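What follows is a single structure, written as structure tokens, with notes after it.
Every number in this text was worked out from the coordinates using simple rules, so none of it is lab data. Just so it is clear, the model here is predicted, and its values are computed rather than measured. No Cβ is skipped: glycine too gets one built from the backbone with ideal geometry, and neighbour counts run over all protein chains shown.
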Amino acid sequence: MTTESAHDVVIVGAGISGLTTALALHRGGCRVRVYESVRTLRALGVGINLLPHSVRELIDLGLQAALEDKAILTGSLRYHAKDGRTIWSEPRGLDAGYPCPQYSIHRGELQMILLEAVRDRLGAGSVVTGHRFVAADQDEAGVTARFADPDTGAVLDTVRADCLVGADGIMSTVRAGFYPDEGNPVYAGQVLWRGVTVSEPFADGRTMVMIGNDERKAVIYPIGRVDESRQLINWIAELAIPRELPANKGDWNRVGNKADFLDHFQDWRFDWLDVPDLFERAEVCWEFPMVDRDPVARWSFGRITLLGDAAHAMRPNGSNGASQGVLDAVALERALAANGNVTKAFTDYEAERLEPTRALTLTNRATGPEIVLRLVEERCPDGFDDIHDHFSEAELREIADSYKRIAGFSRDQVARR
Ligand SMILES: Cc1cc2nc3c(=O)[nH]c(=O)nc-3n(C[C@H](O)[C@H](O)[C@H](O)COP(=O)(O)OP(=O)(O)OC[C@H]3O[C@@H](n4cnc5c(N)ncnc54)[C@H](O)[C@@H]3O)c2cc1C
């Protein structure tokens, strides 16, 4: 990639998007520093999916070996009705003929892989922790960012750069600077409990399953190997709980209580997977409300722009959150490499990425590809003998394929890139 000029960039947030952006902009010739609020970055979270369009970018960034050392190469995705019967099954990643895999991986492992690559390539001091972004001022020559100690609130030294990228997640302070009245994330009326269980594999050990309907759902997939016979199995138990936004409005680290959801899943003991047993055997679970943000009309304001969840936090249906942050990173790299003028680069980046992520956020609100579970509940609430009595093969395929097109990861789109 040719570089118009070497921009000096500050990134706020060392999550998946911020660290990927650091790697991409460094490759594109920028000088990059990342400022992160937490004092010590640790492998937090549970499972996350990286779809082929983002995997392609991560492979181009030289991360394939590190990722495949930890990840599961997802081979198929299956949807099941609440009685365990299969509605739809499709190959994924390499098994579906894509030029690159789909990975299921522990979010924390992914973050540590990215962090190590950033420190190796950009230098040990490139990620500055214990710096909570507070605000930024900009003038004709650059941006001055202000930080505070996350524990004491003490004011820290200001940081000067050509431009600033806000990759500080769903509760973004950078975004709040431009949308001060936005308030809390938008609650979808469902609560998710997430956990990881060390267990023998189910199915072929590379399968992701979604079971149930809007009222009661489970999402289960392996994210890593433990030893010859056991895997780390990621699970999400989801219940419709229509009420005000819970007190936990977007804290990924809030420990949950299994008693709050286990009873609802006791009848899901299928001959191919004992779901409540899997939930029970996890040492700990985390509770998170299903939330997103309303799409906004602008991310770029002069020398400051938004990226990843700070720009477009979306519901997890469709497994796209992390992947879209990766796509943002390389789009920003291209825009900065092509433009000496930062403001123009940020506008170009926004023009490329805002509309697709807006469409995806809205599609995910309509449950994304999981809409098939809702349709099954509507058309055959008492179950089915043969799913094709209620859906044609073509209709089921179109539900799956149309989401891939909107999210930008149909096989053709990935191959063409
Ligand atoms: C601790 C944690 C656990 C998660 N677990 C899961 C999971 O299990 N499954 C899943 O699907 N998604 C999870 N996510 C969300 C997922 O990582 C994102 O949806 C997606 O990867 C996009 O990432 P992002 O980098 O845009 O945002 P995030 O991953 O949220 O990263 C934002 C980063 O910015 C930092 N930050 C926030 N405010 C400031 C500030 N004022 N100044 C400086 N730094 C700041 C945060 O500490 C964080 O490191 C988790 C996020 C976090 C932070």
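A few comments on the model shown:
- Ordering of 400-413, 150-163 by packing [mean C-beta count within 10 Å, highest first]: 400-413, 150-163
- Computed log₁₀ I(q)/I(0) - Debye formula, equal Cα scatterers, no solvent, segment 318-368, q 0.13 Å⁻¹: -0.35
- Rounded FRET efficiency, nearest 0.05, which uses the C-beta distance separating VAL38 from GLU215 and R0 of 41 Å: 0.70
- Whole-Hz couplings from phi, Karplus 6.51/-1.76/1.60, listed for segment 303-314; x for Gly and Pro: 8, 10, 9, 10, 7, x, 4, 4, 8, 8, 4, 10
- Straight Cα distances below 19 angstrom link LYS217 to the lysines LYS82, LYS258, with same-chain residues fewer than 8 positions distant left out.
- Taking a point 7 Å from the Cα of ARG379 along the Cα-to-Cβ direction, none of the residues of segment 335-368 has its backbone N closer than 16 Å to it.
- Dipole orientation for the chain: of the candidates GLY97, LEU25, GLY166, LEU25 has the Cα lying most toward the positive pole (charges on Cβ; Lys, Arg +1; Asp, Glu -1).
- Net charge of neighbours whose Cβ lies under 13 Å from the Cβ of GLN102, counting Lys and Arg as +1 and Asp and Glu as -1: +2
- Ratio of the Cα radius of gyration of segment 1-125 to 2.2 N^0.38 Å, where N counts its residues: 1.25
- Here the calculated FRET efficiency for ASP95 and SER392, from their Cβ-Cβ distance with R0 = 25 Å, stands at 0.60, rounded to the nearest 0.05.
- Within the listed set TYR221, TYR103, TYR179, the Gaussian network model of the chain (springs between alpha-carbon atoms below 10 Å) gives the highest mean-square fluctuation for TYR179.
- The length gained by stretching the chain between ALA359 and THR343 to full extension, at 0.36 nm per residue less their Cα-Cα distance, is 3.3 nm.
- Dividing the summed helix terms, -39500 (n - 2.57) for each DSSP H run of n ≥ 4, by the number of residues in the chain produces a 222 nm estimate of -9500 deg cm²/dmol to the nearest 500.
- The alpha-carbon atoms of segment 267-417 define a convex hull whose volume equals 167 cubic angstrom per residue.
- Each residue of segment 56-163 gets 210 Å³ once the volume of the Cα convex hull is shared out per residue.
- Cα pair distances in segment 212-342, grouped into 5 Å bins until the bin that holds the longest one, percent each: 2, 8, 14, 17, 16, 13, 10, 8, 6, 4, 2, 1, 0
- HIS264 paired with GLU68, simple spin-label distance in nm, labels 7 Å along Cα-to-beta-carbon: 3.9
- Among ILE236, VAL342, THR361 the positive-end extreme of the charge dipole of the chain (Cβ point charges): VAL342
- Across the chain, C-alpha contacts under 8 Å between residues 6 or more apart give a mean separation that, scaled by the residue count, equals a relative contact order of 21 percent.
- Pair-distance distribution of the chain: all C-alpha pairs, bin width 10 Å, starting at 0; shares per bin in whole percent are 5, 22, 32, 25, 12, 3, 0.
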